[in-house]
Every structure is written in C-alpha cells, then in structure tokens.
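Notes to accompany the following structure.
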Amino acid sequence: MPDVSIVSCANYDAAVCRDALIAVLEPLGGLDWVTPGMKIAIKTNLVTGMKPEQAATTHPQLLCQLTALLRERGAEVVIGD
C-alpha cells in the first residue's frame, strides 16, 4: 500500500469532489476501516478567513463530501480546526 495518494480534482462540483475523494482514498485502502458507530474528527486547514476560491483553506465542498462518505458508512463526524 502506498504512503501517499494524489488525484486531480477538476472543479469543486459535489460529484467531482466525491469521485476525487473516492479515487484518492482507494490506493490507501478506501474507507473500509470505517464501521457503524465510529466517531471521527476531521481536522481541517482553516488558517484564516479567506474565500474558498483563494485555496488557502480546505474547500468546503471537500469537507461536505468526505463527511457524507463517512456518514454513509455509519460514522458520526465532527469537523474542527
């Protein structure tokens, strides 16, 4: 299994982000480790109050889609910085 996975995300459309997240996680084992009832914290990169288009923070659409993927597997998700 590789230590790093990188996938291009053409834009921040919900479906594009979801597909990119699935693709980037696949070589790392995907989300098979997530089980119903798990509590997962996502540590975002919120260094300053900037618009998503400035790419200085984690894009909100990526957070939404990752949260959705985790919740679909039955996890409880908390997002923080």
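If you take the residues in region 36-70 that are hydrophobic (A, V, I, L, M, F, W, C) and free of Cβ contacts under 8 Å to residues at least 12 places away in the same chain, which one is least open to solvent (accessible area, probe 1.4 Å)?
Let us first name the residues in region 36-70 that are hydrophobic (A, V, I, L, M, F, W, C), namely 38, 40-42, 46-47, 50, 55-56, 62-64, 66, 68-70.
Then keep just the ones that are free of Cβ contacts under 8 Å to residues at least 12 places away in the same chain; that gives 47, 50, 55-56.
Details: VAL47: 106, MET50: 80, ALA55: 80, ALA56: 29 Å².
Checking each candidate, the answer is ALA56.
Taking the condition small (Gly, Ala, Ser) and modelled with pLDDT under 95, does GLY37 pass?
Values: small (Gly, Ala, Ser): yes; modelled with pLDDT under 95: no.
When the stated conditions are applied, GLY37 does not pass them.
Taken over region 1-35, the residue count meeting the criterion of being of a type in the set (A, V, I, L, M, F, W, C), loosely packed, with under 13 Cβ neighbours inside 10 Å and assigned to a helix (DSSP H, G or I) is 2. Considering only residues that are basic (Lys, Arg) and not in a loop (DSSP other than H, G, I, E, B), which ones fall in region 48-72? Within region 48-72, just ARG71 meets the criteria.
Look at (1) closer than 20 Å to ILE6 by Cβ; (2) in a helix (DSSP H, G or I) and you find that ASN45 fails only one, number (2).
The values are calculated or read from the model by the stated rules, or taken from the named source; none is laboratory data. Since the structure is predicted, the reported quantities are computational estimates derived from the model, not experimental observations. In this analysis, Cβ positions are derived from the backbone assuming ideal geometry, glycine residues included, and neighbour counts consider all displayed protein chains. All accessible areas refer to the heavy atoms of the entire protein, side chains included, with ligands and DNA or RNA removed. Shrake-Rupley method; radii C 1.70, N 1.55, O 1.52, S 1.80 Å.
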